[in-house]
1. Which condition does B:P222 not pass, out of (1) at pLDDT below 95; (2) of a type outside the set (S, T, Y); (3) within 20 Å of B:E58 (Cβ to Cβ), if it passes all the others?
2. Considering B:G168, B:G150, which residue is buried (at least 23 other Cβ atoms within 10 Å of the Cβ), of a type outside the set (D, E, K, R) and under 20 Å from B:L70 (Cα atoms)?
3. Give the stretch A:225-254 a look and list any residue that's within 13 Å of chain B (Cβ to nearest Cβ) and either crowded, with 24+ Cβ neighbours inside 10 Å or not aliphatic (A, V, I, L, M) (or both), or say none.
4. When the stretch A:173-210 is examined, which residues are found to be farther than 22 Å from A:Y107 by Cα, crowded, with 16+ Cβ neighbours inside 10 Å and either out of contact with any Asp or Glu (no Cβ under 9 Å at 6 or more places or on another chain) or not hydroxyl-bearing (S, T, Y) (or both)?
5. Which residue pairs have Cβ atoms under 9 Å apart, sit 6 or more places apart or on different chains, and have a first residue in the stretch B:236-249 that is touching a residue at least 40 places away in the same chain (Cβ under 8 Å) and a second that is exposed (fewer than 15 other Cβ atoms within 10 Å of the Cβ) and in a helix (DSSP H, G or I)?
6. Tell me which residues, restricted to the stretch A:42-60, are in contact with a His (Cβ under 8 Å, 6 or more places away or on another chain), facing another protein chain (nearest Cβ under 9 Å) and hydroxyl-bearing (S, T, Y).
7. Can you find, within the stretch A:265-290, the residue that is farthest from the other protein chains (Cβ to nearest Cβ) among those that are farther than 24 Å from B:P266 by Cα and charged (D, E, K, R)?
8. Does B:I216 meet the test of being in contact (Cβ under 8 Å) with a residue 12 or more places away in the chain and either assigned by the TED database to the domain that holds B:A146 or assigned to a loop (DSSP other than H, G, I, E, B) (or both)?
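The values are calculated or read from the model by the stated rules, or taken from the named source; none is laboratory data. Bear in mind that the values here come from a model prediction, so they are computed numbers and not experimental data. All Cβ positions, glycine included, derive from the backbone under ideal geometry; neighbour counts span all protein chains shown.
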Protein chains: 2
Amino acid sequence: MKKLINEPADVVSQALIGIEAAHGDRLRIDHEHKVIYRNGPPRAGKVGLVSGGGTGHEPLHGGYVGVGMLDAACCGEVFTSPVPDQMLAATAAVDGGAGVLHIVKNYTGDVMNFEMAAELAADNGTEVRSIVVDDDVAVQDSLYTAGRRGVGTTVLLEKLVGAAAESGRPLDQLLELATRINSVGRSMGLALTSCTVPAAGRPTFELGDDEMELGIGIHGEPGRSRVPLASAAEAAQLLVDPVLGDLPYGTGDAVIAMVNGMGGTPLLELYLMYGEVHRLLQQAGIHVARCLVGNYITSLDMAGCSVTLVKADEELLALWDAPVDTPALRWS
Amino acid sequence: MKKLINEPADVVSQALIGIEAAHGDRLRIDHEHKVIYRNGPPRAGKVGLVSGGGTGHEPLHGGYVGVGMLDAACCGEVFTSPVPDQMLAATAAVDGGAGVLHIVKNYTGDVMNFEMAAELAADNGTEVRSIVVDDDVAVQDSLYTAGRRGVGTTVLLEKLVGAAAESGRPLDQLLELATRINSVGRSMGLALTSCTVPAAGRPTFELGDDEMELGIGIHGEPGRSRVPLASAAEAAQLLVDPVLGDLPYGTGDAVIAMVNGMGGTPLLELYLMYGEVHRLLQQAGIHVARCLVGNYITSLDMAGCSVTLVKADEELLALWDAPVDTPALRWS
């Protein structure tokens, strides 16, 4: 295992030290609970947005804490759900009197722990709603989920719902918005190589030099099938077809598109892939209204990429364009 | 070789198609000359900034084209200098009557070709000045250079000089500023793995499972020494010591610091490394006034990182904080 780390057991706590050193002007870290917060107290009347999950998907979620996105991100150990105590601490800290929305990726541990935290927070008088993101079209159930896994749509949802929360939209309307975004968001990914979990010290799975894993999950869990290594053009088709096939699309529909790297794939390849994806969408009569190309929801050092499409109407595009100021997404 | 590409010979031209598809709202691509421009005509009276070099270092340079940074980036083939024709086309296109500054990384081919382009542009009536960045403390001469190589300081210099150019500073003052930044910028990197050049199809060099290359160049050219794989804390010391040792530093000196990934190293590790680097700088009495953590000047899929420090006074910090609006750096 070749990684820029010290002891595998210390990866998360030491990465948090680095995040604090780099972004202390805007973020505050609760090292005891491993929670990343915006600096400053919660804004009265604004719904608090809390997300979180296992570490290893950076910049998700900590890189999305800031004005226009999340209020707090709970960091589990690598590929391991945070515990309810972390979520409870975050929920209490960001409650500005208007309640808190939990943004949860659909993995059994995360769902269970966020549910428990929501109940405990409710006992303390904080109103909590939860959106469970389950946008991965690759598999119906998986190693870690009942139902589909939550992947790339989470990034876009955090941006869109974050903008709405910033504008003062109330909790139930935010839940409605989040539900709608999840219903029109679809993703699929592929891996060229396995990731290596620090505590394991060796690749999670083996892939031949001439193979790739299609429909990979963000923890290295199996996908749909192992297929021969394909060209970028073929790979794009293998990702775009199932994503488009999973929702009815009409000519002229607009999307926010993301071509996301899994952590070990350089930007040069991601742009090349984006060109292929964009071409396929054009051929299908779909208008890419906005896009992201880069590493946004990763799987440690895995080489590979994923495609996410969220169908977007004028309201969603306006939310997308709203200012955001986080370590990983920033515009005005 | 496992890459998201089609034919190795088409990597650059097809990546440019993707960049255009993703950023056509702000960038314009001259596909014939492989030059990335800001949209729109040059601003009268503003000095044009042109950089460029071999592809494979993304987001450098194309990702830094936009308001507050470059006017144009010339893209060579992978790890290969652009030719003078490309640089000449870019120089002519961005000249708004106030001359053009070439920002050149110190590699023999780049320096020679930019020089030739500058002469041809002068013949056409465009005043050109050039700054050659040579900030890599690792080796005095290298496989591809007389003198030190140009690496991470290039990113910071493009931002700082870009801000000054945007404010209307004249050509000779920009050259003076660029020269000063280069004189206070130092970098050093290490590799955990080799990169793989698409046309070669196999790793550029071999590294044992228990080894790393210290002082690596951004093309996989050899560094100072091959050393045993180290912890992040040790690795940070191996990078920071030679960088600090190469310039006189006084207690309280401020720097802009960058911990940069080489392309295959995930953000989680880069933040952990940043924590180590920050700690060492604090111990040395150096104040990190601003920082960047992420993939900013890469070497294809190489795993590893580099540390860049630019000593910064109030003027440089003000230029750093000035608005920038490019695909890879964006703030206001």
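1. Against the list (1) at pLDDT below 95; (2) of a type outside the set (S, T, Y); (3) within 20 Å of B:E58 (Cβ to Cβ), B:P222 comes up short only on (3).
2. Just one listed residue meets the conditions, B:G150.
3. A:P228, A:S231, A:A232, A:E234, A:A235, A:A236, A:Q237, A:L239
4. Keep residues of the stretch A:173-210 that are farther than 22 Å from A:Y107 by Cα, which gives A:173, A:192-193, A:201-202, A:206-210.
Add one more test, that the residue is crowded, with 16+ Cβ neighbours inside 10 Å, and what stays is A:192-193, A:207.
The answer is A:L192, A:L207.
5. B:L247/B:S183
6. none
7. A:R290
8. Judged against the criteria, B:I216 is a match.
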